[in-house]
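Remarks on the structure that follows.
The values are calculated or read from the model by the stated rules, or taken from the named source; none is laboratory data. On a predicted model such as this, the values are computed, not experimentally measured, just so you know. Cβ atoms come from the backbone with ideal geometry, glycine included; neighbour counts cover every protein chain shown. In case anyone asks, the SASA skips ligands and DNA or RNA and just uses the protein heavy atoms, side chains included. Shrake-Rupley method; radii C 1.70, N 1.55, O 1.52, S 1.80 Å.
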Amino acid sequence: MSPPIGPGTRLLVASHNAGKVREIADLLKPYRLEVVSAGELGLPEPEETGSTFKENALIKALACSRASCMLALADDSGLAVEALDGEPGIFSARWAGPEKDFYVAMKKVEQALGAQGATKPKDRRASFICALSLVWPDGHEETFEGKVSGTLIWPPRGSRGFGYDPMFQPDGYDVTFAEMDPAEKHNISHRADAFNKMLSLFKD
């Protein structure tokens with residue numbers, strides 16, 4: 001059985017991505033936890049050798065929990081494009097290159113779709129997928145997966161969000177994630193879906 005997580009618990013977010021840390025911290029705000037990030041503590045980023053989002057999230061959470069002796073939460077997420085057989089998938093960040101330039105990554109996706117002749121909305125379906133792993137100092141672990149589906153647009157629109165958000169238009173909306181108010185995005189995102197599945201572990 002999972003140890004309960006209550007107000008005042010110190011939680012390490014196993015990420016150096018400021019945008020991702022900010023989104024996770026916003027989702028956790030109602031639970032009054034003390035949130036710190038791996039970047040703030042100067043912890044190294046482990047090599048992500050898993051073949052799925054769940055495996056990579058667990059690798060990161062385990063590494064950070066062992067290095068800090070803290071409860072650690074790791075996210076592994078990315079964009080899975082149907083016409084590209086699920087790519088870039090777990091390699092979503094790597095498509096941005098060493099400079100982590102996501103305009104470059106989005107352009108790669110668009111070029112790959114163009115090579116497939118994917119010009120109509122029905123051919124440009126994609127999903128954001130997120131796995132959230134929690135690891136306690138005693139080694140106990142829990143992982144939850146969330147998903148949101150939509151259509152890829154070009155050119156990218158919006159200056160909010162991060163990553164592939166400017167080219168992702170979620171189902172039921174006429175704006176991209178990068179055009180949305182952050183609070184609205186938090187309500188429907190893949191990260192929120194995974195987080196909602198994890199809620200039973202938190203105490204008000």
The chain: relative contact order from alpha carbon pairs under 8 Å, six or more residues apart, as a whole percent, is 21
Calculate what fraction, in whole %, of the accessible area of region 3-128 sits on carbon and sulfur atoms when a 1.4 Å probe is rolled over the protein chains.
52
When DSSP assigns beta bridges and you keep just the ones with both residues in the chain, what percent turn out antiparallel, to the nearest 5?
75
Measuring from centroid to centroid over Cα atoms, what is the spacing of region 156-200 and region 37-82 in Å?
21
Using only helices, what value at 222 nm comes out for the chain when you add -39,500 (n - 2.57) per DSSP H run of length 4 or more and divide by the total residues, to the nearest 500 deg cm²/dmol?
-9000 deg cm²/dmol
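If you take the beta carbon distance between residue 41 and residue 100 as r and set R0 to 25 Å, what does 1/(1 + (r/R0)^6) give as a FRET efficiency, to the nearest 0.05?
On the way: r = 20 Å, r/R0 = 0.81.
That gives a FRET efficiency of 0.80.
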If I compute volume of the Cα convex hull per residue in Å³ from the structure I just sent, which labelled value in (1) 149; (2) 116; (3) 135 lines up?
(2)
Around residue 173: net Lys/Arg minus Asp/Glu count, Cβ-Cβ under 11 Å:
-3
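Express the relative contact order of region 89-202 as a whole percentage, based on alpha carbon pairs under 8 Å and six or more residues apart in sequence.
Relative CO of region 89-202 lands at 22 percent.
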Tally up the carbon and sulfur contribution to the accessible surface of region 138-198 as a whole percent, 1.4 Å probe, everything protein left in place.
44
Too-long pairs where the Cα-Cα distance tops 23 Å, listed order kept, from 60/197; 60/100; 20/120; 54/107:
20/120; 54/107
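Using the heavy atoms of the protein chains and a 1.4 angstrom probe, tell me the accessible area per residue for region 38-127 in square angstrom.
Numbers: 4780 Å² over 90 residues.
Ligands and nucleic acids excluded, the result is 53 Å² per residue.
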